[in-house]
Amino acid sequence: MATDRNFSPASGGLWHWLGRASGLLVYLFLILPVLVIFLSAFSPQAYPQFPPNGWSLRWFQAFFENPAWLRALQVSAWLLLLVVPLTTLLGTTAAYALARLTFRGRNLLQAFVLSPLIIPQVVLGIALLYVLTGMGLAGSLAGLAIGHILVALPYAVRTVSVSLASMDRRLEAASMSLGATPAYTFRHVTLPLIKPGIVAGAVFAAVTSFGEVSVSLFLTAPGTVTMPVRIFTYIDQTFDPVVNAVSALFIVLAVLALVLIERTIGLTKAL
């Protein structure tokens with residue numbers, strides 16, 4: 001065949017190295033901004049510089065000595081403690097109901113749950129501002145938690161739904177045929193099988209909540225400014241490397257979280 005005659009080991013090796021070079025360029029393109037931010041956080045200058053002409057921890061010290069930054073970090077930490085477990089619980093429950101139950105309006109309910117992925121977040125933030133103001137929750141930590149849960153819930157529902165769709169339902173049937181109750185089967189059979197989806201949903205909820213800006217801008221008050229909102233307003237007024245130092249800390253935390261997930265359940269199962 002013509003295709004067989006035109007193919008040679010030399011051309012195959014060339015395409016192999018071209019593929020590897022292209023992949024390397026993609027990885028460099030992805031990691032370069034992170035590397036620039038991380039290294040410029042150690043610049044001793046009063047402005048970000050890459051590569052830095054020296055090394056200093058002054059901007060990390062400035063972060064930990066600034067009450068406004070620490071207050072924003074505290075607010076974001078409290079939100080994580082509220083948003084992640086509630087979103088994981090609601091997402092798992094909703095995904096299980098949508099996957100296992102048949103009722104009128106099921107598709108409509110599923111579209112409603114996933115609608116925050118489609119609706120522009122600016123529109124969602126304005127709508128939440130009106131609703132939470134009427135409830136007296138605008139500017140409160142509870143109002144922020146409601147907004148973050150609404151934004152993060154679709155990710156939890158989708159990841160758990162994928163795990164439910166890929167599991168073998170005959171295992172549940174076998175458990176109940178041996179005398180186990182539905183509650184026992186759900187706890188000892190279903191939950192262990194969909195655990196990777198639940199963990200992935202929790203990770204997405206944490207990442208979404210901690211990085212949320214658009215909705216938070218409408219719902220924050222002077223006492224409930226989150227870390228992303230603080231960063232957003234800070235770079236609009238100042239151009240020193242404190243933001244780079246904050247980003248470097250979060251990069252380290254993200255790497256540690258990935259290592260922890262890999263050591264516990266594995267990245268391929270969680271994500």
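Among the chymotrypsin sites (Phe, Trp or Tyr not before Pro) in the stretch 183-241, those located in a DSSP loop and surrounded by at most 13 other Cβ atoms within 10 Å of their own Cβ are Phe239. Rounded to the nearest 20, the size of the Cβ-charge dipole of the chain about its Cα centre is 740 debye, with Lys and Arg at +1 and Asp and Glu at -1. Of Leu171, Leu25, Leu191, the residue with the greatest mean-square motion in the GNM of the chain, using alpha carbon springs below 10 Å, is Leu25. So which residue, out of Leu39, Leu108, Leu137, gets the largest mean-square fluctuation from a GNM of the chain using Cα contacts under 10 Å as springs? Evaluated over the chain, the most mobile residue of the options is Leu108.
Between Leu70 and Leu89, the simple label model (points 7 Å from Cα in the Cβ direction) yields a spacing of 3.2 nm. Over all projection directions, the Cα-based convex hull of the stretch 127-227 averages an area of 8.0 nm².
Between Ser177 and Leu117, full extension at 0.36 nm per residue minus the direct alpha carbon distance yields a gain of 17.6 nm. For the chain, a Gaussian network of Cα nodes joined below 10 Å ranks Pro120, Pro241, Pro85 by mean-square fluctuation, and the top entry is Pro120.
Considering only Gln121, Val160, Leu150, the residue lying farthest towards the positive end of the dipole of the stretch 99-176 is Val160, judged by Cα position with unit charges set on Cβ. Converting the Cα gyration tensor eigenvalues of the chain into ellipsoid dimensions via √(5λ) gives semi-axes, longest first, of 37, 33, 18 Å. Consider a paramagnetic label point 7 Å from the Cα of Thr233 along Cα→Cβ; state which residues of the stretch 123-150 have an amide N under 14 Å from it. It comes to 139-140, nothing else. For the chain, what are the DSSP H helices with axial Cα length of 18 Å or more and mean Kyte-Doolittle hydropathy of at least 1.0? The qualifying helices are 9-40, 67-100, 121-135, 141-166, 195-211, 242-264. For the pair Ala127 and Ile31, the difference between a 0.36 nm per residue extended length and the Cα-Cα distance amounts to 30.9 nm. Computed from the C-alpha gyration tensor, the three semi-axes of the ellipsoid equivalent to the stretch 147-187 are 29, 12, 4 Å, from longest to shortest. The candidates Arg158, Arg169, Arg187, arranged from most to least accessible area with a 1.4 Å probe in the full protein assembly, appear as Arg187, Arg169, Arg158. Every Cα-Cα pair of the stretch 40-104 was included, and the share exceeding 17 Å stands at 66 percent. The alpha-carbon positions of the stretch 1-160 define a convex hull whose volume is 253 Å³ per residue. Full extension of the segment from Phe50 to Phe186, taken as 0.36 nm per residue of separation minus the current Cα-Cα distance, would add 43.6 nm.
The values are calculated or read from the model by the stated rules, or taken from the named source; none is laboratory data. Just so it is clear, the structure is predicted and the values come from calculations on it, not from any experiment. When we count neighbours, we look across all protein chains shown, and the Cβ atoms used for this are built from the backbone with ideal geometry, even at glycine. Heads up: the accessible areas ignore ligands, DNA and RNA and are worked out on the full protein's heavy atoms, side chains in. Shrake-Rupley method; radii C 1.70, N 1.55, O 1.52, S 1.80 Å.
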